[in-house]
Structure formats: structure tokens, C-alpha cells
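A quick write-up on the structure given underneath.
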Amino acid sequence: MSGASERFDTNHPNLCSALRWKGQFVLVEHDPTVPASNDGLFWCLHTQTCIGPDGELAEPGNCSSASRSCHGSGKCGPG
């Protein structure tokens, strides 16, 4: 089960700044008595969809690797 928890973990180091999720827009203090929803709804700022500019899924597990061609820039390939 660690695969799913890592896949949706928004605390990944090097997480792309273009990755968005609903929890970023909920402006309330953390309440430890309320379980995290971790609904898995993510999108890319550059494409405004769940698919990144490189055609791969936009989710924390994929968007935390600087080796991903669009990481941080939204651009793929040369130039």
C-alpha cells in the first residue's frame, strides 16, 4: 500500500511548482481531528488538466522528479 500513499503524497521533495490540487485552496487551519481527504484530484497549471505537458499524469509521484522534461517550466523538449 505504500505505493498509493507515496503516489499522492504532496510533501514530496522537489514537487513541481505547477502541480495543483484542491487542498491548496482550502484556507482553514489544520484540524488533526478531521481525516485528510487525499482525494487524488491533481492538475497541471500549464495544461489545466490531469495530464502534464509531456503527456504523463500530473500527480505528486510523477511531478517530483526533476528528470521529467516539463518539471518546473511546462516546456518539453529542446527550445
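Quick check on segment 24-78: of everything there that is acidic (Asp, Glu) and within 21 Å of Arg7 (Cβ to Cβ), which residue is modelled with the lowest pLDDT?
Selected residue: Asp39.
Check Gly61, Gly40, Gly72 and return the single one that is small (Gly, Ala, Ser) and touching a helix residue (DSSP H, G or I) at 6+ places or on another chain (Cβ under 7 Å).
Working: Gly40 fails: touching a helix residue (DSSP H, G or I) at 6+ places or on another chain (Cβ under 7 Å); Gly72 fails: touching a helix residue (DSSP H, G or I) at 6+ places or on another chain (Cβ under 7 Å).
That would be Gly61, the only listed residue that is small (Gly, Ala, Ser) and touching a helix residue (DSSP H, G or I) at 6+ places or on another chain (Cβ under 7 Å).
The values are calculated or read from the model by the stated rules, or taken from the named source; none is laboratory data. Model, not experiment: these values are computed from the prediction. For neighbour counting, all protein chains shown are included, and Cβ atoms are generated from backbone atoms with ideal geometry for every residue, glycine included.
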